[in-house]
1. On a full-extension model of 0.36 nm per residue, what is the gain between residue 33 and residue 143, subtracting their alpha-carbon distance, rounded to one decimal in nm?
2. Springs between alpha-carbon pairs under 10 angstrom, Gaussian network model over the chain: which of 47, 156, 104 fluctuates most?
3. Sort out for me the Cα centre separation of segment 50-117 from segment 137-184, rounded to whole Å.
4. At q = 0.09, 0.15, 0.16 Å⁻¹, what base-10 log of I(q)/I(0) does the Debye formula yield for the chain when every alpha carbon is treated as an equal point scatterer in vacuo?
5. How much of the accessible area of segment 101-184, probe 1.4 Å, is carbon plus sulfur, in whole percent?
6. Which FRET efficiency, nearest 0.05, do residue 160 and residue 63 yield, Cβ-Cβ r, R0 41 Å?
7. Using θ = phi - 60° and the Karplus form 6.51 cos²θ - 1.76 cosθ + 1.60, what ³J(HN,Hα) does each residue of segment 127-138 get, whole Hz, x for Gly and Pro?
8. Would you please give the residues with an amide H less than 5 Å from that of residue 144, counting only those at least 5 places away or on a separate chain, with H modeled from the backbone geometry?
Amino acid sequence: DHLQRRSLSSNVRFIFCQSGKIEKRPYFDLIYFMFRFCCTNDSEYYIKRWISKKKGEEYSSISFATMQLPCFTKIYSLWYLNKKKIVPTNIEELLTSEGLAYWIMGDGSRQNLGLHLSVYAFTWQKVKLLMSVLENKFDLKCSCHIHSSIGSKWRIYIWEKSMEKLKILVTPYMVRSMLYKIQK
């Protein structure tokens, strides 16, 4: 999922794509329902299927794109600089329990008894800022791990001892099919 600006004079659109198993489809449906009013009346989501050349297995993705709208342009100005995704300096104000739930559903993965949050696009300074927000605002114990298999990219790790607190914060906003990310 990302915001796309086609030219400097155009507004921005939101593009959402989800790959993976069909049991995760309720998350896509939720996002599509939330943004459907920003799409043209005749727009539909797009399903793509392909066979992996390495494994010979079938893969699929489902996606949609909104219209180019001023509201997305405003959000883009907060989250992008020179076409590169950034962390806004006021992230502590912006990040809520609900926002954290969507972050987990989109970029979280269960790791042992804790949780990884992908932050691959961000600098070390911005990763530290995000960790401090998780620690100070939500009282979650965090550390940083390097995901060396994809080129030394950062991931935030939420410790096992904070998982119960995290569940209380985010469960009300999560789609049932994504709860496995925060459960033992």
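1. Working: separation 110, 0.36 × 110 = 39.60 nm, distance 3.45 nm.
Fully extending the segment from residue 33 to residue 143 adds 36.2 nm.
2. Fluctuation is largest for 47.
3. Using only Cα atoms to place each centre, the spacing works out to 15 Å.
4. -0.37, -1.06, -1.19
5. Its accessible area is 52 percent carbon and sulfur atoms.
6. On the way: r = 34 Å, r/R0 = 0.83.
E between residue 160 and residue 63, to the nearest 0.05, is 0.75.
7. With the stated coefficients, segment 127-138 comes to 5, 4, 4, 4, 4, 5, 5, 4, 6, 7, 7, 10 Hz.
8. Answer set, sorted by chain and number: 157.
The values are calculated or read from the model by the stated rules, or taken from the named source; none is laboratory data. Every value quoted in this text rests on a predicted model; they were computed, and no experiment measured them. Ideal geometry is used to build each Cβ from the backbone, glycine not excepted, and the neighbour counts take in all protein chains shown. Surface accessibility is based on the protein's heavy atoms, side chains included, excluding ligands, DNA and RNA. Shrake-Rupley method; radii C 1.70, N 1.55, O 1.52, S 1.80 Å.
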